[in-house]
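The values are calculated or read from the model by the stated rules, or taken from the named source; none is laboratory data. The structure displayed is predicted, hence computed values, not measured ones. Please note: Cβ atoms are built from the backbone with ideal geometry, for glycine as well, and neighbour counts cover all protein chains shown.
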Amino acid sequence: MIASSYKQEDMRRLRMARAAVIAFFFLNGMIVASWAARIPAVQAKLALSPGRLGLALLGGAIGALVAMNTAGRMSKRFGSKVLTTIAALCLCIAFPLLAFAPNFPLLIVALLFFGASNGAMDVTMNAQGADVERKYGRPIFNSFHACFSVGGLVGAFLSGILAAYNIAPGPHFLVIAVCACIGILGSARFLLSLAATVQGEPVANERTQKVPLITISRTLLLLGLMAFCALISEGAMSDWSAIYLSGVAHSGAGLAAAGFAIFSLCMAIGRGVGDYLAARFGPALLVRIASSLAAIGLALALLIAWTPIVFVGLGLVGIGLSVIFPLVLSAASRTTKDKRDTGSALANVTTCGYFGMLIGPPVIGFIADQVGLRLALILVVCLCVIAALCASVVAIPGLQQADNEVSLAARESLVP
């Protein structure tokens, strides 16, 4: 009876931890999308030229890249639960500052703070998701990223409505930040701690242990390469799909915007079913098929620049790219035997990915200036092929083995 009581308590804790991580991913996606949708309003308010706006946005990217590595190292000492909560609250504080920045220099400062908070939260909430997946003993990582995508769709939809009614970004961002703070504070207590008990036996306090240094293995390097390829491709679709539709396929402005919406919707759907497919076919085969699908979809859109065909191609790219980055992060979290190193492994891989997202759009733009956008986007097709060739690296043993008795119960569907 006592053992059964422990098991039921652990399963309840695991369910609540999964719900908490879902809440963090959803809120992060909603905040990031809300900012992206209102950038034109902030640009108009401060009368920024495209060049000055690009410089300000670069500050946010730099802040994110620096914070990712810092958060990865700090999570080994303090645990991802504490850092996820702090980073999320900092993001809520930074978010309204973007709308209230009175001039260009202060906007850069606000974006540095916003980017650093978002970068730290990105690493630590993924570390939390990896811990929960490890205890479940089956693939659930895609569901977290699906909730990020859903949060992004909700944020973009609400922002579009408020912008249509000429609601200023200031009150909009304040309301979102307050609601997000409430959700964060309500969910944070359910996140997993490294000192959490397993069947009533606490693990050693991480602060009393010497923190080992993580080694960069060949596996981690390949995972970083795959993350680099995946996020360059996602960034290219985000920044260039509408331009391709309007400039090459000669679609109207509405249809050009709809193309990216189709890509985003298909990505959310792909992540929603990604965990089932990963469990059914295995992560390596799924990544190989998904990467190939993305390459075929984009090649189709580039070969036949007719709007309906481009829409089909973008949908295939969205479905294909949807599962790659989550499965890469899931594999990275299993490259270390010491769970305290999870944050560092994720930080290394995430930094590679976001570095690709940072340099991808300008590289494609430079190539497009020389040979045209249609030929420039062939680079993305090649990157998807590279990801397909590296797919076997995500098949790291360990996820199918029970982490403890809770994992066994989870695989028996006692934990939904």
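Here are some notes:
- With respect to the conditions (1) over 30 Å from D275 (Cα atoms); (2) of a type in the set (D, E, K, R); (3) crowded, with 24+ Cβ neighbours inside 10 Å, R77 lacks only one, and its number is (3).
- Filtered by the rule that a residue be modelled with pLDDT under 80 and either assigned to a helix (DSSP H, G or I) or closer than 25 Å to V178 by Cβ (or both), region 1-35 gives I2, A3, S4, S5, Y6, K7, Q8, E9, D10.
- Any hit, region 172-194, residues being farther than 11 Å from S34 by Cβ, at pLDDT below 85 and either part of a helix (DSSP H, G or I) or of a type outside the set (K, R) (or both): yes
- Region 246-302: number of residues that are within 22 Å of R134 (Cβ to Cβ) and under 22 Å from the mean Cα position of the chain (by Cα): 15
- Of the set (1) closer than 24 Å to A56 by Cα; (2) among the small types (G, A, S); (3) crowded, with 23+ Cβ neighbours inside 10 Å, all apply to A127 but (1).
- Of the candidates A301, A256, the single residue that is in contact with a Leu (Cβ under 9 Å, 6 or more places away or on another chain) and at pLDDT 90 or above is A301.
- Counting only helices (runs of 4 or more DSSP H) that sit completely within region 314-376, those holding 2 or more residues that are touching a helix residue (DSSP H, G or I) at 6+ places or on another chain (Cβ under 8 Å), in contact (Cβ under 8 Å) with a residue 24 or more places away in the chain and surrounded by fewer than 24 Cβ atoms within 10 Å (Cβ to Cβ) correspond to 342-371, 373-376.
- Complete set of residues in region 37-50 that are closer than 20 Å to V178 by Cβ and either at pLDDT 80 or above or not assigned by TED's automatic domain parsing to the domain that holds A127 (or both): R38, A41, V42
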